Amino acid sequence: MMIYSVRGAVTVKKNSVQEIEFATRDLLLEIIKKNNLEIKNITQIIFSATRDITKIYPAVYARKIGVVNASLFCVQEMYVENSLPMCIRVLLNFYGGYQADKKIFNIYLGEAKKLRPDLG
């Protein structure tokens with residue numbers, strides 16, 4: 001089976017456990033819904049967060065929605081001057097039952113939409 005990848009990002013308004021969890025939830029559920037994915041087919045999720053997000057790992061919420069067989073990894077994003085603050089990015093890998101000619105929908109929510117104006 002082939003492995004496919006989908007990208008996404010979301011911003012948070014403040015550095016709090018609840019805000020980070022809600023933003024991560026919204027991003028993951030939208031990626032899953034829009035791409036018609038089954039959680040059991042997710043093999044890996046890599047999260048990166050800007051250095052102003054410190055209260056909780058975004059990966060915590062993935063486990064709460066049942067992503068239990070995939071490897072999860074959180075890293076602090078490289079600092080770049082004038083980059084988008086308070087941002088969580090995700091690279092989600094999945095397999096199975098996906099048609100190569102079917103469009104993959106990368107999801108950018110909140111202020112993160114600025115990162116991919118071509119998807120607007």
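Here is how the numbers come out for the structure above:
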{"read-out": "Sole residue being surrounded by fewer than 16 Cβ atoms within 10 Å (Cβ to Cβ) and either under 18 Å from SER5 (Cβ atoms) or touching a residue at least 60 places away in the same chain (Cβ under 8 Å) (or both), chosen from PHE73, PHE22", "value": "PHE73"}
{"read-out": "Single residue of the stretch 86-102 satisfying the filter (at pLDDT 85 or above and out of contact with any helix residue (DSSP H, G or I) (no Cβ under 7 Å at 6 or more places or on another chain)) that is farthest from SER71 (Cα to Cα)", "value": "MET86"}
{"read-out": "Qualifying positions in the stretch 25-42 - of a type outside the set (Lys, Arg) and surrounded by 15 or more Cβ atoms within 10 Å (Cβ to Cβ)", "value": "ASP26, LEU27, LEU28, GLU30, ILE31, ILE32, ASN35, LEU37, ILE39, ASN41, ILE42"}
{"read-out": "Every residue from the stretch 33-68 that is hydrophobic (A, V, I, L, M, F, W, C) and touching a strand residue (DSSP E or B) at 6+ places or on another chain (Cβ under 8 Å)", "value": "LEU37, ILE42, ILE45, ILE46, PHE47, ALA49, ILE53, ALA59, ALA62, VAL67"}
{"read-out": "Residue that is on the phi < 0 side of the Ramachandran plot and touching a residue at least 60 places away in the same chain (Cβ under 8 Å), where the choices are LEU37, LEU28", "value": "LEU28"}
{"read-out": "Residue that is surrounded by the fewest Cβ atoms within 10 Å (Cβ to Cβ), among those in the stretch 1-19 that are without any contact (Cβ under 8 Å) to a residue 60 or more places away in the chain, in contact with a Lys or Arg (Cβ under 8 Å, 6 or more places away or on another chain) and not hydrophobic (A, V, I, L, M, F, W, C)", "value": "SER16"}
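Table: residues versus (1) under 15 Å from the mean Cα position of the chain (by Cα); (2) surrounded by 15 or more Cβ atoms within 10 Å (Cβ to Cβ); (3) under 15 Å from SER5 (Cβ atoms); (4) among the basic types (Lys, Arg).
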position: GLN44; (1), (2), (3), (4): yes, yes, yes, no
position: LYS64; (1), (2), (3), (4): yes, no, no, yes
position: MET86; (1), (2), (3), (4): yes, yes, no, no
position: LYS102; (1), (2), (3), (4): no, no, yes, yes
position: PHE105; (1), (2), (3), (4): yes, yes, yes, no
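The values are calculated or read from the model by the stated rules, or taken from the named source; none is laboratory data. What you see is a predicted model, and the numbers here were worked out from it, not measured in a lab. Backbone-built Cβ (ideal geometry, glycine too); neighbour counts: all protein chains shown.
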